[in-house]
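Note sheet for the following structure.
The values are calculated or read from the model by the stated rules, or taken from the named source; none is laboratory data. Small disclaimer: the values here were computed from a predicted structure and weren't measured. Here the Cβ positions follow ideal geometry from the backbone for every residue, glycine too, while neighbour counts run over all protein chains shown. When the accessible area is computed, the model is the full protein with side chains, heavy atoms only, and any ligands, DNA or RNA have been set aside. Shrake-Rupley method; radii C 1.70, N 1.55, O 1.52, S 1.80 Å.
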Amino acid sequence: MSDFFFQLLLILDSTLRIATPLMLCAMAGIFSERSGIVDISLEGKMLSGAFVAATVAALTGSAWAGLFCAMGAGVFMSLIHGFACITHRGDHVVSGVAINILASGLTVVLGIALFRRGGQTPHLPKEDRFTPIEWIGVSVLDPVPVVGAVYRQLISGHNPLVYGALIAVPVCAFIIYHTRFGLRLRAVGEVPEAVDSAGVSVAWLRYRALIAGGLLCGIAGAYLSIAQGAHFVREMSAGKGYIALAAVIFGNWRPIPAFLACLLFGFLEAWTARLQGTTIWLLQDIPTPLVQAMPYVLTVLLLAGLIGRPRPPAAIGQPYGK
Amino acid sequence: MPGKRTGGGGDAAPLALRLEGISKSFGLVRANRNIDLDVKPGSIHGIIGENGAGKSTLMNIIYGMHRADEGRIHVAGQPVDVRSSADAIACGIGMVHQHFMLVPTFSVLENVMLGTEGGMFLREGRQAARRRIMELSERFSLAVDPDAIVGDLNVGQRQRVEIIKALKGGANVLILDEPTGVLTPQEAEQLFDIIRVLRERGVSVLLITHKLAEIMAITDTVSIMRQGKMAGHRETAQTSPEELAELMVGRKVLLEVDRTPANPGNVRFSASGLGYTNPAGIVELADISFEVRSGEILGVAGVSGNGQTQLMEVLAGMRPLTAGTISILGTEIRADTATSPRRIRILGVGHIPEDRHHHGLVLNFEARENMILGFHDSALTGTGFLMDQSAMSSNCRERMAGFDVRPGNPRLNARSFSGGNQQKMVIAREFSANPGVLLVGQPTRGVDVGAIEFIHKRLLALRDAGCAILLVSVELDEIMSLADRIMVLCAGRNVGIIDAAAADRRTLGLMMAGQRQEGAVA
């Protein structure tokens, strides 16, 4: 029993770490998609963020500088997307794919040009990264059964960006449902004409949504390269942007359900990682790729209407204006 | 009523709205040319014109959605520069668009708040907006529930929400763009009551429409637009529908359909005990029986949404028959007969669908492609594997000329034609197959006066050539002037069939409400 409990705790702990970039990107996706912009470019924005964070941290020796520049990189990529989709009424998917390809190539080219390590950035020492924070009272609570272990493993001991992601979720939910910007954001993705006739600029509103998304994707990227990892590796986002997008759809474009979907997808991945080479619990013989494919399989089932019915913003993907 | 408007020192008060020399071009199209307009405070001013006459462009200029190339706008005597909707709202101009600008997933409250939330957070603004809605709905008798979800409201209620939205900032000038296009006659009546209350409370209403009856019924003054220019201004009391129609079209128009008595022949088309139960198990049509003879028009009247759409679609083969039989030119169709729109068409039935954008045309296809929809395997597209493009073009050009479709360009997308010309394309296609039976749904919805006259003439000519025509329309006047006999539907049932000669609005109105009348044949 205690072994099972310990294994579970480790899986949950790792779930949280895996789900962090998903949550950040999912919130970014909710902002842009709720405004009516299809955001398949989450992946590329995150990757650019990861590269810029690692590069700046390596050059300046400051994780915070890396983080801020990563956010800037995310915003920059978002603005390209916005310029194509909002200003020039381009196709959102084409622009998004272009951004992903651009990020994938550009990070490697710049990486080679700057560091000559085949696209990688130099390994960052501990001081230049975001490292786990030990919460106060861990040693005090440690002897207490269950609570002590949960507190030590699950609650304490993550890096600041994990907590940042966890805070981002309720903040996003609050912004979307309880602020002026949120009301307009929800309206512009449904009936942009209504927003326009109310005297609010559709283009500027969508740009702001994309900027917010860019900031969050930048943080997600920084998490990959200077918090969870210690350097940038080519293609290190590894499809997480797409999984985050699946979580957005799974969560029906709402922050809290999307957050839960991120945790579910994170849990599935943590579970497979744990299962490898171990013989605990049941179902250990399920092939890993199958579990890794689960987020996509679940999303396809959802879209096919087999689990509930997703209701995307009505005006998503449609350019606005004459 | 008219005395009130002209007297009482009306000259001293500044005009609610004054336009001087407004011009606007889109590329080579001169949508508005040197437009002048004066709107008195507390009056209902109509703007009438055919589709494409530039009414909507002018309203969009007043409301800041477009910017005029030339000209000046004065509101309440002050010159204003309206660069955006926000500017217009700040000047006290509100607008209810033809297509509602509402977010269906939002509550009424959220829709009204949008744009004037009153602060970063919604909390405080919500209370204020709720109070404002209550206040406006009391003052202008606009009953709405602030917490209802807009998607659940009916069209009339949505329009009330739109009016509240337009008035929330204290608008003195309210623009209503084709407000009755989507309303039932009863809802339109309610809207007119609201408009009269608005006038009493000092709001100037600009009513944009192409329906002459509305102008005559409710406006104080009227301006007529034609081809982007003002064709004239009139006091409503001193004009007539005939004069307005002439100003709109630029020539004399026959408003009354000139028709000869029908000369009915054999029964070509009939239904007996027809019923339709939808997949959800709801009975939408029950026990409908009628017959249509060669050379006559059977009109189907009813308040919109009482089964007319379902009846048309069942008859056209778009929905399955679930009870009873239909007989088309001698071929019997039962509930268990496998059928399809194609089979029905092959039997000799033409169909002009109610919703031409969804069922009549493919808007992104060229005119010549639309002209062969449903006939794509006939000889005119060629017999081989490939379609004969030049035959399609010449065939299309010929039909466009025959039905006065303008511009007569077969390569233009259906989307770029006006509503009237789109409808003429559908009619041209269906007529040229020479149908023995024709199903016609809302033939003149969203169609301008000149085209209405044309369409009515062609329908009567087809009738006189021996076709059996079933006509569904929400315009009671249209049914009364075209049909030889009238069937009234209420709640998916046949209330009765009466002779058009014996029908008057009152009798039909009672039947539409479900009351059987003497002399009507069930």
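Here B:E117 passes the criteria (1) part of a loop (DSSP other than H, G, I, E, B); (2) open to solvent by 10 Å² or more (accessible area, probe 1.4 Å); (3) within 11 Å of another protein chain (Cβ to nearest Cβ) except the one numbered (2). Candidates are the residues of the stretch B:92-107 that are farther than 19 Å from B:I133 by Cα and touching a residue at least 24 places away in the same chain (Cβ under 8 Å); the one that is surrounded by the fewest Cβ atoms within 10 Å (Cβ to Cβ) is B:Q98.
Among the numbered conditions (1) within 30 Å of A:I11 (Cα to Cα); (2) within 11 Å of another protein chain (Cβ to nearest Cβ), the only one that A:I155 does not meet is (2). Residue pairs whose Cβ atoms lie under 6 Å apart, separated by 6 or more positions or on different chains, with the first residue in the stretch B:157-168 and open to solvent by 30 Å² or more (accessible area, probe 1.4 Å) and the second hydroxyl-bearing (S, T, Y), do not occur. The residue that is farthest from the other protein chains (Cβ to nearest Cβ), counting only those in the stretch B:48-91 that are polar (S, T, N, Q) and outside any strand (DSSP E or B), is B:N51. Residues of the stretch B:487-502 that are within 15 Å of B:P261 (Cα to Cα) and among the hydrophobic types (A, V, I, L, M, F, W, C): B:A500, B:A501, B:A502. As for the stretch B:121-143, it holds no residue that is open to solvent by less than 30 Å² (accessible area, probe 1.4 Å), more than 10 Å from chain A (Cβ to nearest Cβ), closer than 24 Å to A:A314 by Cβ and not in a helix (DSSP H, G or I). Quick check on the stretch B:344-364. Is at least one of its residues under 22 Å from the mean Cα position of the chain (by Cα), among the small types (G, A, S) and within 17 Å of B:L438 (Cα to Cα)? Yes, the stretch B:344-364 contains at least one residue that is under 22 Å from the mean Cα position of the chain (by Cα), among the small types (G, A, S) and within 17 Å of B:L438 (Cα to Cα). Checked against the criteria, B:G94 counts as under 27 Å from B:L17 (Cα atoms), more than 8 Å from chain A (Cβ to nearest Cβ) and not in a helix (DSSP H, G or I). The single residue among A:G321, A:G266, A:G277, A:G214 that is more than 20 Å from the chain's Cα centre (by Cα) and modelled with pLDDT of 75 or more turns out to be A:G321.
Looking at the stretch A:185-215 only, could you name the residues that are out of contact with any Lys or Arg (no Cβ under 8 Å at 6 or more places or on another chain), within 11 Å of another protein chain (Cβ to nearest Cβ) and closer than 29 Å to A:F68 by Cβ? Correct list: A:S201 only.
A single entry from B:L176, B:L198 fulfils the requirement of being part of a strand (DSSP E or B), over 27 Å from A:P313 (Cα atoms), more than 13 Å from chain A (Cβ to nearest Cβ) and not small (G, A, S): B:L176. Taking the condition hydroxyl-bearing (S, T, Y) and either within 9 Å of chain B (Cβ to nearest Cβ) or under 26 Å from B:Q159 (Cα atoms) (or both), does A:S237 pass? Considered against the rule, which asks whether it is hydroxyl-bearing (S, T, Y) and either within 9 Å of chain B (Cβ to nearest Cβ) or under 26 Å from B:Q159 (Cα atoms) (or both), A:S237 comes out as no.
With respect to A:V169, is the statement that it is more than 18 Å from A:G36 (Cβ to Cβ) and more than 11 Å from chain B (Cβ to nearest Cβ) true? So A:V169 fits the description; yes. Could you check how many residues of the stretch B:435-453 are at pLDDT below 90 and out of contact with any Gly (no Cβ under 7 Å at 6 or more places or on another chain)? Number of matching residues: 6. Which residues, taken from the stretch B:24-55, are at pLDDT 85 or above, surrounded by 17 or more Cβ atoms within 10 Å (Cβ to Cβ) and polar (S, T, N, Q)? Residues satisfying the conditions are B:N32, B:S43. Scanning the stretch A:252-262 for residues that are surrounded by fewer than 20 Cβ atoms within 10 Å (Cβ to Cβ), within 14 Å of chain B (Cβ to nearest Cβ) and farther than 30 Å from A:H123 by Cα turns up at least one hit.
Does A:V56 qualify as being free of Cβ contacts under 8 Å to residues at least 24 places away in the same chain, open to solvent by 10 Å² or more (accessible area, probe 1.4 Å), farther than 28 Å from A:Y177 by Cβ and not charged (D, E, K, R)? The answer is yes for A:V56.
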